């Protein structure tokens, strides 16, 4: 762990004074599935940077990171509650929460199935660049196949399950960091997130060894992300599920705005009408609201005439 932190500090130390510029970047995401009753979802995420602070706003929550203090503050914007914890704790706490929320977590035979999980990944970098919002971008593709064997009690009725994921990521070319205002700031922020508050990395430590190739391949790039698409297909008998390699879920994210206009300091603090609460309670409130929204969307999509 000390080596990882030292690496992060060295990388951040190489970022020029230009990172002090205020930065706003906006992403638009779309998620869709061909399965009946599963609604599509569109969302907007905004990242603000000012000095040693960064803020992300998305889906009823605001996350404030203070790189100087090495603290993370989570705000439940609907219930007006917040919690502040050390950045070193954030990844582990979120990883544990994500693992507990996984479908089937704690179900009989689940631990046995996870031990059989294996993943193999191929990575590829396209030689053809693309311009996104006026920024030259490099494309990196990751294709992963995950297999899980069924427990002995289920082998007679169900064969092994396999899942395929294709993840395409477009990141700002290294040469663009010196040309485009704000890219150095965003790149430094992403390095900080990777080493100090990465829930995916913590989640990987709780999952089978077979998941490591996929997690490592997904975390490889360090430059600012400009576009990402993901397709997931699954080979498992499920009512209404698409057969073969037809994607079960598709997700696409695009940067739709990048600005270096001055930002008000109030964006980087906790609003005065918010009350303090334990981290677990804040996250539960956010998760409960998210699940209620998903159930409402599913009910609407499943209603007659939809």
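The values are calculated or read from the model by the stated rules, or taken from the named source; none is laboratory data. Since we're looking at a predicted model, the values are computed, not measured. When we count neighbours, we look across all protein chains shown, and the Cβ atoms used for this are built from the backbone with ideal geometry, even at glycine.
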- Query: Within the stretch 243-254, restricting attention to residues that are part of a strand (DSSP E or B) and over 29 Å from residue 81 (Cα atoms), which residue is modelled with the lowest pLDDT?
  - Reply: 249
- Query: Of everything in the stretch 98-116 that's touching a helix residue (DSSP H, G or I) at 6+ places or on another chain (Cβ under 6 Å) and either at pLDDT 75 or above or part of a helix (DSSP H, G or I) (or both), which residue is farthest from residue 254 (Cα to Cα)?
  - Reply: 99
- Is it true that residue 267 is at pLDDT 65 or above, crowded, with 18+ Cβ neighbours inside 10 Å, outside any loop (DSSP other than H, G, I, E, B) and touching a strand residue (DSSP E or B) at 6+ places or on another chain (Cβ under 9 Å)? no
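Which residue, of 25, 75, is at pLDDT 85 or above, crowded, with 16+ Cβ neighbours inside 10 Å, within 24 Å of residue 279 (Cβ to Cβ) and under 19 Å from the mean Cα position of the chain (by Cα)?
Values: 25 fails: within 24 Å of residue 279 (Cβ to Cβ).
From the options 25, 75, the qualifying one is 75.
Quick check, is residue 283 at pLDDT 65 or above, part of a helix (DSSP H, G or I) and crowded, with 16+ Cβ neighbours inside 10 Å? Quick ask: steps written out before the conclusion?
Numbers: at pLDDT 65 or above: yes; part of a helix (DSSP H, G or I): yes; crowded, with 16+ Cβ neighbours inside 10 Å: yes.
Yes: the conditions hold for residue 283.
Among the residues of the stretch 131-159, count how many are at pLDDT below 80 and closer than 24 Å to residue 250 by Cβ.
1
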- Message: Given the condition at pLDDT below 80, part of a helix (DSSP H, G or I), at negative phi and within 16 Å of the chain's Cα centre (by Cα), answer yes or no: does some residue in the stretch 219-230 qualify?
- Response: no
